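Taken together, the values in this text are just the output of simple stated rules run on the coordinates, not laboratory data. For clarity, every value in this text was computed on a predicted model and none was experimentally measured. Note that we place each Cβ from the backbone using ideal geometry, even for glycine, and neighbour counts take in every protein chain shown.
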């Protein structure tokens, strides 16, 4: 099983969620590539904001995603913070580079799931995941949701839904225990489904 966890995170919150997804997939036996979408914010803007500089430094060791990472993977987890209930320009820019893969049917039948984060409880956790999912429909991928098979989806008071893991960064910097559990369980489930489809 090979899983690519590809995300964008401006402040580091979705990065921490991506790490939990990565951990879950690895615990399920997958070989995992953690990759981040290329930054589009000018460096001068980042340098002027200490919280963005800290997040950039925290993620410095994560390689930039390429289309080849999608080709390599049996399963893909895509993560983006919300931007007015929608995907960020950074991850959208990455996904927009996959036209050649679409033309060749390269991603057809591969497992894919989504995760997100927002600074407010009703800032678009579910709509962002639904927005990202249209990518999968056009590529003929198999969407793997979190579902209620993960018990914490039914009890969480912060992030996480049946659509996929999410984090509520308005509560603080770190993931809640339930957010981390949901993300790890989701990563494991995605890896397992990806393995079955690949076989």
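Using a cutoff of 8 angstrom between alpha carbon atoms and counting only pairs six or more residues apart, the relative contact order for the chain works out to 29 percent. Seen through its C-alpha gyration tensor, with square-root eigenvalues sorted a ≥ b ≥ c, segment 74-199 comes out oblate because a/c lies at 1.5 or above while a/b is not bigger than b/c. Considering the chain as a Gaussian network with a 10 Å cut-off on Cα pairs, which listed residue, 99, 159, 117, attains the greatest mean-square fluctuation? Per the Cα network of the chain with a 10 Å cutoff, 99 tops the list. In terms of its alpha-carbon gyration tensor, segment 118-187 comes out oblate; a/c meets the 1.5 threshold, while b/c is at least as large as a/b.
Dividing the summed -39500 (n - 2.57) terms of all DSSP H runs of n ≥ 4 by the residue count of the chain sets its mean residue ellipticity at 222 nm at -13000 deg cm²/dmol. In this structure, residue 196 and residue 86 have a Cβ-Cβ separation that, at R0 = 35 Å, corresponds to a calculated FRET efficiency of about 0.65.
Each of residue 134 and residue 27 was given a label point 7 Å from its Cα along the Cα-to-Cβ line. The distance between the two points is 3.5 nm.
What FRET efficiency do you get for residue 71 and residue 38 if R0 is 22 Å and r is their Cβ-Cβ distance, rounded to the nearest 0.05? With a Förster radius of 22 Å, E is 0.80. The label-point distance for residue 177 and residue 103, in a model that sets each label 7 Å from Cα toward Cβ, rounds to 5.2 nm. Rounded, prolate or oblate: pick one for segment 1-110, where a ≥ b ≥ c are the square roots of the eigenvalues of its C-alpha gyration tensor, a/c under 1.5 means rounded, and failing that, prolate if a/b is larger than b/c, else oblate. The shape class here is oblate.
Between 14, 45, 67, the residue with the greatest mean-square fluctuation in the GNM of the chain (Cα pairs under 10 Å linked by springs) is 45. Under a Gaussian network description of the chain, with springs only between Cα atoms under 10 Å, the residue in 49, 189, 83 that fluctuates furthest is 49. How far is it, in nm, from the label point at residue 60 to the one at residue 96 when both lie 7 Å from their Cα along the line to the Cβ? Between residue 60 and residue 96, the label points sit 3.0 nm apart.
Please work out the C-alpha center-to-center distance from segment 1-31 to segment 135-179 and express it in whole Å. Each part reduced to its Cα centre gives a spacing of 13 Å.
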